[in-house]
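Undergrad: Quick one: the structure is below, and I'll ask about it shortly.
Derivation of every value follows stated rules applied to the coordinates shown; laboratory data play no part. The structure presented is a predicted model; accordingly, all values stated were derived computationally and were not measured. Here the Cβ is made from the backbone with ideal geometry for all residues, glycine too, and neighbour counts use every protein chain on show.
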Amino acid sequence: MSPRMRAVARRVIPIVFYVLLALFLFLYVRSVDWGQLAGIKWNWWWVAVATAISLGFRYWGVGIWFYLLRRLGATGLKGSGVTLTHVYAKSWMGRYIPGAATWIIGKVYFASKHGVSKARLGVSGLLEGALQIAATLALALVLLLIDPRTHALDPWIIVLMIVAFVGCAVCLIPRVFVFLISTALRILRRKPLDDDVTPNLGTVLGGAGLYVAGAVLSGTAYYFITLAVYPSLKLSDATFVIGAASMASAISMLAVFAPGGLGVREGVQALLLALVMPGPIALVVVVVTRVWSLAVDGLFLLCASVPMWFRPKPDRLDEPTVEPAA
């Protein structure tokens, strides 16, 4: 690609990203059945608790991203927290654009402009996505299968959950993970990965443990937002609700065709929550969590953007200590 074409691409790609994001956010909000929210009596204290925990989960994700980048050999990250947190928050919103790769591509594109290696960004993004799905599925399976109410579900649903987890776990075996990426690079006729960019077992296990903790945080937030709408929910139901939220989140991430897991997340949530509360209330909770989750994502982007407004100029990570972008 000529320098002129690269310059045009640098201007066009962000515009396309924001236009698509605005379009699919509009469609996402438009799909909400706002009538179901009429007359709801909120416990705003629980909403505040849920929002604080959920916001913390998103920052926890930033920390995991940094952990994976460092484990993959990225240098020059010290002092870059404000900029890369903003990059992560923008890319996180890309989940509302159909295609699971959008938020990964967003991180690769935006972070590489600040001197971080594209190879490490790409590998860390793929590893991050696979780890998040596998760890969330693992937590969901443990919490749901120990609850006798789950036995009321069709056995095939349980089987599919287990198959999905096993498939993700196999893909995370370092040799398998590297083989899959190398195969994709050969098909795309791209340069093969360097040995120092590939993850080892310690990186995979460490990332998985961090994401299990993150899934607990996220699920706990969903428990409190559910409690804000349905105060009759028992404390003993907390593990089931966390498991249901985790399962819905993992399955929605696997549904790459749906923006933000739209429809898929809600279907899984409604199916599972109906086991611990009346069906009509479960449907209301599903609508509430959809709107609330989008609001928290917007709050996350705002919190990540505010520090950037007071910076004298965009900080770059391209000092001599920073590796060149691959």
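Undergrad: Dividing the Cα radius of gyration by the Kirkwood radius, what Rg/Rh value follows for the chain?
TA: 0.98
Undergrad: Run the numbers for residue 33 and residue 55: contour at 0.36 nm per residue of separation, minus the present Cα-Cα distance, in nm.
TA: In short, 5.5 nm is gained.
Undergrad: Between the helical axis of 201-229 and the dominant principal axis of the chain, each derived from Cα atoms, what acute angle in degrees is found, rounded to the nearest 10?
TA: 40
Undergrad: Between residue 152 and residue 175, how high is the FRET efficiency from 1/(1 + (r/R0)^6) when r is the Cβ-Cβ distance and R₀ = 45 Å? Nearest 0.05.
TA: Efficiency computed from Cβ-Cβ geometry: 0.70.
Undergrad: Compute the helix-to-body angle for 238-254: its Cα long axis versus the longest principal axis of the chain, expressed 0 to 90° and rounded to tens.
TA: 40
Undergrad: Take every Cα-Cα distance within region 73-174, group them into 5 Å bins from 0 onward, and report for each bin the whole-number percent of pairs it holds.
TA: Taking every Cα pair in region 73-174, the percentages come to 2, 11, 17, 17, 14, 13, 10, 7, 5, 3, 0.
Undergrad: Considering only 173, 13, 64, give the residue with the highest GNM mean-square fluctuation for the chain, with springs between Cα atoms whenever their separation is below 10 Å.
TA: Taking springs between Cα atoms under 10 Å, the residue moving most is 13.
Undergrad: Then there's this: What 222 nm value per residue comes from the helices of the chain, counting each DSSP H run with n ≥ 4 as -39,500 (n - 2.57) and dividing by all residues, nearest 500 deg cm²/dmol?
TA: -24000 deg cm²/dmol
Undergrad: Further question on the same structure: What residue among 276, 158, 65 has its Cα farthest toward the positive end of the dipole of the chain, where the charges are +1 on Lys, Arg and -1 on Asp, Glu, each on the Cβ?
TA: Highest projection toward the positive end goes to 65.
Undergrad: Relative to the Cα centre, what is the charge dipole magnitude of the chain, using +1 at the beta carbon of each Lys and Arg, -1 at the beta carbon of each Asp and Glu, and rounding to the nearest 20 debye?
TA: So the dipole magnitude of the chain works out to roughly 1120 debye.
Undergrad: Have a look at 50, 126, 206 and report the one farthest towards the positive end of the charge dipole of the chain, computed about the Cα centre with Cβ charges (Lys/Arg +1, Asp/Glu -1).
TA: Final value for the positive-end residue is 126.
Undergrad: Relative to the longest principal axis of the C-alpha atoms of the chain, give the angle of the C-alpha long axis of helix 174-187, reported between 0 and 90° and rounded to the nearest 10°.
TA: So the helix axis and the longest Cα principal axis differ by about 60 degrees.
Undergrad: Restricting to Cα atoms and excluding each atom paired with itself, what does the Kirkwood estimate give for region 23-99 in Å?
TA: With all distinct Cα pairs of region 23-99 included, I get 15.6 Å.
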